[in-house]
Amino acid sequence: MIKVKTYDSPWTDLRTEVKKVQEQLKINESSLREVNITHWEEILEKIWKEFSTRKSSRWIWESLKRPTYGFYISSYELLNLTELIDENETVWFILDESVKMKTKFWVYEGLITAFNKVIWECNYVDEILIVSKKYEWLISINHHDIISGTKKMIDKLKYLENKINTAGNNGEQA
């Protein structure tokens, strides 16, 4: 479950937390790194242009272009993002941190295997976006525990949902 918390300061220490978890798990920057400050705006602009019906929005999942597919994540222990994305593909990871109704997107790039280890150790992420660097697909995990995707991810999400539901009904891990 994605955890949301209220803070007095404008932003949490999400970037610091990601870095700390990355160091603790000995995940190097070639597997997961923060995008250079001069590039993140351009990346976000392209993502919204390609996948959203709005120029910008607080939560892209509210304005995804159709077709899309999504489902409720009843157990994050059963969600394995490496089943959706080739572990050799470098992708964008966008972490949405909302504090006092303001949003900040932190943009990373790297491999899903590294991200899959780091993100579940971090707190207070409002939304997670995983996007093909060729802008061929997008996956969103929101604070309502809904995972949704576009384009090439639709069939993979349907398969994963079925697998999770089957494993959950049998008391097994997917």
**Request:** Inspect region 27-45 for any residue being at pLDDT 90 or above, within 30 Å of LYS163 (Cβ to Cβ) and not polar (S, T, N, Q) and give the result as yes or no.
**Result:** yes
**Complete:** Within region 129-158, of all residues that are at pLDDT below 95 and not in a strand (DSSP E or B), the one nearest to GLU83 (Cα to Cα) is LYS152
**Prompt:** With (1) more than 30 Å from LYS26 (Cβ to Cβ); (2) in a helix (DSSP H, G or I); (3) in contact with a Phe, Trp or Tyr (Cβ under 7 Å, 6 or more places away or on another chain) as the list, and PHE115 as the residue in question, which single condition is left unmet?
**Reply:** (1)
**Message:** Please verify whether TRP61 is free of Cβ contacts under 8 Å to residues at least 60 places away in the same chain, of a type in the set (Phe, Trp, Tyr) and within 18 Å of LYS151 (Cβ to Cβ), treating the condition exactly as stated.
**Reply:** no
**Complete:** Being outside any strand (DSSP E or B), modelled with pLDDT of 90 or more and farther than 25 Å from GLN22 by Cβ narrows TRP61, TRP48 down to just TRP48
**Request:** Name the one entry in ILE85, ILE43 that is farther than 26 Å from LYS158 by Cα and surrounded by 12 or more Cβ atoms within 10 Å (Cβ to Cβ).
**Result:** ILE43
**Message:** Between a residue in region 67-78 that is closer than 17 Å to HIS143 by Cβ and any residue that is of a type in the set (Ser, Thr, Tyr), which pairs come within a Cβ distance under 8 Å, given they are 6 or more apart or on different chains?
**Reply:** GLY70/SER140; GLY70/SER148; PHE71/SER148
**Prompt:** Out of curiosity, is TRP137 over 22 Å from ILE164 (Cα atoms) and of a type outside the set (Asp, Glu)?
**Reply:** no
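The values are calculated or read from the model by the stated rules, or taken from the named source; none is laboratory data. All of these numbers come straight from a predicted model, not from anything done at the bench. Note that each Cβ is placed from the backbone with ideal geometry, even for glycine, and that neighbours are counted across all protein chains shown.
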